[in-house]
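Below: one structure, written as structure tokens.
No value in this document is a laboratory result; all are computed from the given coordinates. What you see is a predicted model, and the numbers here were worked out from it, not measured in a lab. Neighbour counts are summed over all protein chains in view; Cβ atoms, including those assigned to glycine, are modelled from backbone coordinates with ideal geometry.
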Amino acid sequence: MSIANNLLKIKSTLPSDVTLVAVSKTKPVSDLMEGYEAGQRIFGENKIQEMAEKWEQMPKDIQWHMIGHVQTNKVKFMAQFVSLIHGVDSLKLVQEINKQALKHNRVIDCLLQIHIAEEETKFGLDEKELASLLSSNEFQELKNIRIVGLMGMATFTDNKDQIKKEFTHLKSIFDQCIIHNSQFTILSMGMSGDYQLAIECGSTMVRIGSSIFGGRN
Ligand SMILES: *Cc1c(COP(=O)(O)O)cnc(C)c1O
């Protein structure tokens, strides 16, 4: 199967209110261009340097999503062009994104990453940290960052019940947030192995890599 075929097949199964992020990390520009030619305009990368290089080389109507963990000192390399940052999980990072966005006279959209998995290694806020970030004065003063939703990753397991439990948990946190934050519209959850389940649980944005571009080394 070609990249274009994979992409169109997946797109045909997604509900119209679910956005597809084509996760192109580690893949060459030629692979991304195949997706682009097939109509894809949203690409997800997890390394800022790699994303910036691809942004420079590729058509400018692409929306670049940063889906990986972000180091504060690298925000400046994407502030000019990034369209959504998925993995924001500290006030310090929020403040740096705001500062760099201001330099470019932009408002950068971000998702807060919530820790829903069992593994200790995955980044993200717990519910308390989320509530305290959203209600802090430091956060509310910022004008150049807009939090538009939440992102999470389920435990890496074959146990569907567990994954479902974690996605459902994230959806319930999201529903709580919506009540107080009218700009919350995006719930980013679901990857190649679990996106159908994520959609059943209320995902509005899926991040799919290997099912489109093939496996990574
Ligand atoms: C790599 C990655 C994906 C895509 O994973 P696939 O299993 O290849 O679909 C999604 N989300 C994040 C945060 C990733 O790092």
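See the values below:
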item	result
Förster-model FRET efficiency, 30 Å R0, Val107 and Asn159, C-beta, rounded to 0.05	0.15
Exceeding the 32 Å Cα-Cα cut-off - candidates Lys60/Lys103; Lys74/Lys160; Lys9/Lys165	Lys74/Lys160
For Ile62, Ile85, Ile108, order by how many other beta-carbon atoms lie within 10 Å, fewest first	Ile62, Ile108, Ile85
Extension gain, Lys11 back to Arg41 (0.36 nm per residue minus Cα-Cα distance, nm)	9.5 nm
Relative contact order %, the chain, counting alpha carbon pairs below 8 Å whose residues are six or more apart	20 percent
Hz values of 3J(HN,Hα) by residue in the range 81-89 - Karplus curve (6.51, -1.76, 1.60), Gly and Pro given as x	9, 4, 9, 7, 10, 7, x, 7, 9
With eigenvalues of the C-alpha gyration tensor scaled by 5 and rooted, the chain, Å	26, 23, 15
Helix-only mean residue ellipticity at 222 nm for the chain, each DSSP H run of n ≥ 4 adding -39500 (n - 2.57), per residue, nearest 500	-11500 deg cm²/dmol
Sequence-distant aspartates and glutamates (8 or more away, or on other chains) whose Cα lies within less than 15 Å of Lys54	Asp31, Glu34, Glu45
In sequence order, calculated HN-Hα J values of the range 202-207 (Karplus, 6.51, -1.76, 1.60; Hz; x Gly/Pro)	x, 4, 10, 8, 10, 10
Rounded to 5, the percent of DSSP beta bridges in the range 57-191 classed as antiparallel	0 percent
The range 113-217 shape via C-alpha gyration tensor axes, a/c threshold 1.5	prolate
